[in-house]
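The values are calculated or read from the model by the stated rules, or taken from the named source; none is laboratory data. All values derive from a computational prediction rather than experimental measurement. Here the Cβ positions follow ideal geometry from the backbone for every residue, glycine too, while neighbour counts run over all protein chains shown.
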Amino acid sequence: MPDLAIIGAGICGLRCAEILQAAGITVELFDKGRGVGGRLATRRHDHWRFDHGAPSLHGETAHWCQRFHHYPAWDCDSNARHYLPELGVNQLAKDIAEPLSIQRGCQIESIERRSTGWYLVNQHGSEHGPYANLVITAPCPQTQVLIKTLDTPITKSLADVHMTPAWVMMLVTTLPMITTQELRPTHDVIRRISAEHSKPGRCFNPEEYSYVVETTVAWSKEHEENNPIDVQTTLLASLQDITSNMGQLLHCAVHRWRYAHTGRALGQPYLFDSDLGLAVAGDWCLGIGAEGAYLSGEALAKMLLESGGL
Ligand SMILES: Cc1cc2nc3c(=O)[nH]c(=O)nc-3n(C[C@H](O)[C@H](O)[C@H](O)COP(=O)(O)OP(=O)(O)OC[C@H]3O[C@@H](n4cnc5c(N)ncnc54)[C@H](O)[C@@H]3O)c2cc1C
């Protein structure tokens, strides 16, 4: 029987799997996405690349920073150093995922603990298992759905965690919209504009300017269920408050992240129910973005190894 299944191959699940596999534990990951990385996401359109989740890698913890300090720096912030691979922020996840066993495009719709171990059922009704232990690293509301039929104290602990949505718009213009690498305007709708063309290795054509525009938490909450076309129209109109002339629009698309950021965090790096052999982890545990997700997966893996339960 494989030792462990992990639902979610974002940076949290990948870090957890990496440590456990290095210690000789058999780990299988499942992710509903076509690729790995979750919200460390890079989307390609023609020759353009957009980091439409986290725009770059940054942090304070030494061993998290070691993971990306060898990538080129992106000078978007005078207070902190930011880095990212030329191929996009998602490349970090791809690099960690390389030696791991991952079933991509596999959405786990239900989980069941039987006397023989954990069983997972995917969107096609196929069953995976048994596994001795199960780790879930999906955003908190998606984790709550998966564990809702289980009798576990984890359920109660998750009740106060809160995650917030974000809309992002990816666009390419023929004139520069902002003069800096990143802008965080004081605006009701727009929270941040990242100049993708200013990232290392991205300036393919000096007459094209590519951007990711992210909406504020308040606006995103209020307009979470809006039609993408309406969101795009509003965002383009809102940009007029910030930039006078963007020239011609060469590309424009929007994406909604239903669970983008942590509003209220759990306040500890993971939860573990030793009776069931079930753990939950993710960025929402510590609430400090990608760094917190990485630390959450790491802390969980170390605890599982030290507890000797695997
Ligand atoms: C627009 C935006 C801007 C951001 N900006 C920053 C920033 O500036 N700095 C920063 O540090 N962080 C930022 N973040 C947050 C950062 O991206 C996340 O904190 C981090 O990537 C979360 O990692 P994770 O592994 O916890 O979760 P995720 O990356 O969400 O990974 C969870 C994975 O679980 C999978 N999954 C979920 N349910 C299932 C299921 N039922 N079956 C199978 N797979 C499933 C998902 O497909 C996903 O791949 C931003 C995020 C967004 C969206």
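Observations on the structure shown:
- Taking (1) at pLDDT 95 or above; (2) more than 14 Å from the ligand (Cβ to nearest atom) in turn, C106 satisfies each apart from (2).
- Criterion applied to G277, G287, G282 was being on the phi > 0 side of the Ramachandran plot and more than 14 Å from the ligand (Cβ to nearest atom), and the one residue passing it is G277.
- Condition check for V36: within 11 Å of the ligand (Cβ to nearest atom), β-branched (V, I, T), assigned by TED's automatic domain parsing to the domain that holds E298 and touching a residue at least 24 places away in the same chain (Cβ under 8 Å): yes
- In the range 39-54, the residues that are surrounded by 21 or more Cβ atoms within 10 Å (Cβ to Cβ), charged (D, E, K, R) and more than 7 Å from the ligand (Cβ to nearest atom): R49, D51
- Within the range 130-141, being within 12 Å of the ligand (Cβ to nearest atom) and in contact with a Ser or Thr (Cβ under 6 Å, 6 or more places away or on another chain) holds for one residue alone: I136.
- Contact annotation: residue pairs with Cβ atoms under 6 Å, 6 or more positions apart or on different chains, pairing a residue in the range 103-115 that is within 20 Å of P141 (Cβ to Cβ) with a partner that is in a loop (DSSP other than H, G, I, E, B), are Q107/K32; Q107/Q123; E109/Q123.
- Residues that are within 14 Å of the ligand (Cβ to nearest atom), of a type in the set (K, R) and touching a strand residue (DSSP E or B) at 6+ places or on another chain (Cβ under 9 Å) do occur in the range 253-267, at least one of them.
- Filter pass, F30 being within 10 Å of the ligand (Cβ to nearest atom) and aromatic (F, W, Y): yes
- No other residue among L57, L4, L20 is near the ligand (Cβ under 8 Å from one of its atoms), at pLDDT 95 or above and among the hydrophobic types (A, V, I, L, M, F, W, C) apart from L57.
- Count of the range 255-278 residues which are within 30 Å of S210 (Cα to Cα) and out of contact with any Phe, Trp or Tyr (no Cβ under 6 Å at 6 or more places or on another chain): 7
- Scope the range 166-177; condition of a type outside the set (F, W, Y) and surrounded by 19 or more Cβ atoms within 10 Å (Cβ to Cβ); matching residues: A166, V168, M169, M170, L171, V172, T173, M177
- Candidates L14, L29, L40, L87, filtered to the one that is more than 28 Å from L271 (Cα to Cα) and out of contact with any Phe, Trp or Tyr (no Cβ under 6 Å at 6 or more places or on another chain): L87
- Flag: A73 does not match the condition of being surrounded by fewer than 19 Cβ atoms within 10 Å (Cβ to Cβ), outside the structural domain of S274 (by TED's automatic domain parsing) and within 12 Å of the ligand (Cβ to nearest atom).
- Note on the range 142-160: residues that are within 15 Å of the ligand (Cβ to nearest atom) and either touching a strand residue (DSSP E or B) at 6+ places or on another chain (Cβ under 6 Å) or basic (K, R) (or both) total 3.
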